[in-house]
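Report on the following structure.
Derivation of every value follows stated rules applied to the coordinates shown; laboratory data play no part. Note that the coordinates shown come from a computational prediction; the quantities given were computed from them, not determined experimentally. Positions of Cβ are backbone-derived with ideal geometry, glycine not excepted, and every protein chain shown enters the neighbour counts.
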Amino acid sequence: MSGKNIMITGASSGFGMAAARIFAVTDNRLILAARRKDALLKLSDELVCHVPVHIAVLDVRDNESVKACVAELPLEFSEIDLLVNNAGLALGLEPAHQALLEDWEIMIDTNIKGLIYCTRAVLPGMVERNRGHIINIGSTAGAWPYPGGNVYGGTKAFVEQFTRNLRTDLLGTRVRATCIAPGMAETEFSNVRFKGDQQMADKVYKGTEPLTAEDIAEMIKWVSDRPEHVNINHIELMTIHQSWNHFAVHRE
Ligand code: NDP
Ligand code: 8X3
């Protein structure tokens, strides 16, 4: 099979948009999902001269919208071969005792519940056809703690372990599951985290050469292009400007 039906959530920006561009090649068909209709339309206009594109304006937190989107896909898009569960966000960097509960709820609803809604909507068809691939976007924050990472890191740890558990449930099928865990990458991510404060967002990347959205898109494509009997379980990547820290010690 040459082309694939590829659904990418969070395609209006960052990794998702770069992945849409990299997959806009011969015989693929793209389903691009996000909340911002204008950004999706603009991207669709750019890509539709290369491949068929279906845009899905939806909030992944709304399970009814997710189910309807998948159930009502035009016939040529309806058999999804690859789902890239990428939609997600961090909100705030305050310590746990000061963070806003509402921010925590939004991260849980998006990064965990949204991801499982999309998975649950698409997976039965993949299992029935005995082919398909779910690529979940985790984060280094899911494995490595940092101050203020509290619930964001927790949601990405969920993505990590959920991906492993998916593959164990899928054993005996030819449906693949992968978690890609990037470190810091310059996208709209920090602007969203700091609620529109671009100066704060810029500080995150200042003096470094962060990963780019294209770096992650290339990784998604590479994982997806492996022969069908090869399941990449997990990939973690960072810019060479980032590493782990030593244990922190508080001294009186
Ligand atoms: P961006 O902010 O650039 O993109 C996030 C995308 O998610 C947007 O397209 C946004 O679309 C979409 N999205 C957010 N909430 C929802 C929602 N409720 N429903 C539908 N779509 C939604 O960030 P990145 O590209 O960097 O982030 C993509 C993923 O990668 C996220 O899961 C993030 O946690 C993860 N990640 C990011 C890293 C980084 O440093 N940038 C590193 C590691 C992981 P819209 O607003 O139009 O809905
Ligand atoms: C995004 C990377 O380090 O801001 O997941 O958590 S980080």
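Worth pointing out:
- Pairs over the 26 Å Cα-Cα cut-off, from the set 113/195; 37/195; 37/203; 67/195; 42/113: 37/203; 67/195; 42/113.
- Segment 207-252 - Kirkwood radius from inverse mean 1/r over Cα pairs (Å): 13.7
- Pairwise label distance in nanometres, residue 246 with residue 102, each label 7 Å out on the Cα-Cβ vector: 4.2
- Each listed q (0.20, 0.21 Å⁻¹) maps to a log10 I(q)/I(0) for segment 1-128 from the Debye sum over equal C-alpha point scatterers, namely -1.09, -1.18.
- This ranking places 243, 12 by how few other beta-carbon atoms lie within 10 Å of each, fewest first, which gives 243, 12.
- Based on alpha carbons, the Rg and Dmax found for segment 134-252 are 16.3, 56 Å.
- Student exercise, segment 5-237 dipole from Lys, Arg, Asp, Glu Cβ charges, in Debye to nearest 20: 380
- For segment 5-237, the spherically averaged projection of the C-alpha convex hull amounts to 12.3 nm².
- Among 161, 199, 242, the residue with the largest mean-square fluctuation in a Gaussian network model of the chain, with springs joining Cα atoms closer than 10 Å, is 199.
- In segment 5-237, taking the dipole from charged Cβ atoms about the Cα centre, the farthest positive-side position among 146, 115, 17 is held by 115.
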